[in-house]
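Participant: Here's a structure for you.
The values are calculated or read from the model by the stated rules, or taken from the named source; none is laboratory data. What you see is a predicted model; the values in this text were computed from it and never measured. Note: ideal-geometry Cβ built from the backbone for every residue, glycine included; neighbour counts use all protein chains shown. With ligands, DNA and RNA removed, areas are computed over all heavy atoms of the protein, side chains included. Shrake-Rupley method; radii C 1.70, N 1.55, O 1.52, S 1.80 Å.
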Amino acid sequence: MSFGSPIMLLALLVVPLAIALYLLAERRRMPYAVRYTNVDVLASVAGGRSWRRLLPAIVFLLAIATLCVAVARPRVHTLVASDRATIVLVLDVSGSMQANDVKPTRLVAAQRAINVFLDRVPSRVRVGLILFAGVPEEATPPTTDHALVRQAADDADVFQGGFGGTAIGDALAAAVKVGLSSAGLADARGLTAYHPVAAPGESSTLVTILFLSDGHQTRGILPPLGGADVARRAGIPVFTIALGTKGGRITNFNFGGGGAFQGSFFGAGLRQALSPDPATLHAIANRTGGRFFQAKSAGAAEDAYRKLGSSLGRVPGRTEVTVDFAIGAAALLLVAGVLAALWAPRLP
């Protein structure tokens, strides 16, 4: 914790001063005699436990101390939203995303998870969206208009994706290009030229990539780890989510206008295409300094996006908590007043 006006902490000296004055007054108190007809009644009323007599005063002094800290403008070290941060969402929309092992389908589950993420991410953080299948395409540039990104994600099922397939490496390279452009860093060295310690942390860079896929790479120029190397050289961490299970099936799939196939895929090659590739996505996250999540259900995907939405796009900073301390002091004063009213000795 730090303070905006540390000199004001000298006000805390009023607490020991008050205690010293109280002890001095107790030592100098003069005994005096009173005449009372019923001493037993007086003892029962004026007596009682000493801690009850002292507790309201202790709570009152705590309130004064809390108020003294408040006037020093306390600040806590935390993660705060960055006005320059960019998060590039990358969503696999290949045919395998129509599999129904994640209810209702993998794609719908991913779309809902992205909406959860957009609910959590700070409003001033720029968010972009890249959709990919056989080729990547920028659905929305990085923008603070999160409603636009939300709409693009909800409309992702109409993306054709370059005749099918899954181009993980190319999608990563496209995301890096979009992120660097948003940050105004076109230099080939990327963010590391400006932030030498950028790569390791989830909040240490200006740009972050959040990548979701449900399968193995089947198309594209760059291999998956080749795309990861592009991100690593740029100093951009990639957070990856492997969505789906090995038991995925597609019961209604449209082959790009060539008619719908009704039934299930049972061939070994097609089962491989419908299986997620957690090993590759884990390697991408490790190589770039991000984190890997495996989501075998819609709830797991939403949990991952919810957690990342509460942490990405933020940088280390300080938040002033003066109001919190002031509210605490007011609450303590109220408690002290109530205790004093309840436990104050009364004579009949």
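Participant: Scan region 69-91 and give yes if some residue there is part of a helix (DSSP H, G or I), more than 30 Å from residue 247 (Cα to Cα), modelled with pLDDT of 80 or more and open to solvent by 40 Å² or more (accessible area, probe 1.4 Å), otherwise no.
Facilitator: Checked against the condition, which is being part of a helix (DSSP H, G or I), more than 30 Å from residue 247 (Cα to Cα), modelled with pLDDT of 80 or more and open to solvent by 40 Å² or more (accessible area, probe 1.4 Å), region 69-91 yields at least one hit.
Participant: Is one or more of the residues making up region 291-304 modelled with pLDDT under 90 and either assigned to a loop (DSSP other than H, G, I, E, B) or under 30 Å from residue 237 (Cα atoms) (or both)?
Facilitator: no
Participant: For region 220-242, which positions are assigned to a helix (DSSP H, G or I) and open to solvent by 20 Å² or more (accessible area, probe 1.4 Å)?
Facilitator: Result: 224, 225, 229, 230, 232, 233.
For (1) among the hydrophobic types (A, V, I, L, M, F, W, C); (2) under 22 Å from residue 275 (Cβ atoms); (3) at pLDDT 95 or above, each residue gets a yes or a no:
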site: 217; (1), (2), (3): no, yes, no
site: 232; (1), (2), (3): no, no, no
site: 247; (1), (2), (3): no, yes, no
site: 250; (1), (2), (3): yes, yes, no
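Participant: Next question, about the same structure. Report whether or not residue 116 is crowded, with 22+ Cβ neighbours inside 10 Å and either part of a strand (DSSP E or B) or touching a helix residue (DSSP H, G or I) at 6+ places or on another chain (Cβ under 7 Å) (or both).
Facilitator: Considered against the rule, which asks whether it is crowded, with 22+ Cβ neighbours inside 10 Å and either part of a strand (DSSP E or B) or touching a helix residue (DSSP H, G or I) at 6+ places or on another chain (Cβ under 7 Å) (or both), residue 116 comes out as no.
Participant: Also, quick follow-up: List the number of the failed condition for residue 157; all other conditions in (1) assigned to a helix (DSSP H, G or I); (2) of a type outside the set (A, V, I, L, M); (3) open to solvent by 20 Å² or more (accessible area, probe 1.4 Å); (4) more than 23 Å from residue 219 (Cβ to Cβ) hold.
Facilitator: (4)
Yes/no per residue for (1) over 26 Å from residue 245 (Cβ atoms); (2) basic (Lys, Arg); (3) at pLDDT 90 or above:
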{"site": "157", "(1), (2), (3)": "no, no, no"}
{"site": "161", "(1), (2), (3)": "no, no, no"}
{"site": "164", "(1), (2), (3)": "no, no, no"}
{"site": "186", "(1), (2), (3)": "yes, no, no"}
{"site": "191", "(1), (2), (3)": "yes, no, no"}
{"site": "198", "(1), (2), (3)": "yes, no, no"}
{"site": "203", "(1), (2), (3)": "yes, no, no"}
{"site": "206", "(1), (2), (3)": "yes, no, no"}
{"site": "213", "(1), (2), (3)": "no, no, yes"}
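Participant: Right, here's the next one. Just name the residue that is most open to solvent (accessible area, probe 1.4 Å) out of those in region 120-150 that are at pLDDT 95 or above and assigned to a helix (DSSP H, G or I).
Facilitator: The extreme case among them is 148.
Participant: Could you give me the residue pairs with C-beta distances under 7 Å whose first residue belongs to region 224-237 and is of a type in the set (Val, Ile, Thr), whose second residue is part of a helix (DSSP H, G or I) wherever it lies, and which are 6+ apart or on separate chains?
Facilitator: If the second residue must be part of a helix (DSSP H, G or I), the pairs left are 230/172; 230/173; 230/176; 236/176; 236/179; 236/190; 236/191; 236/288.
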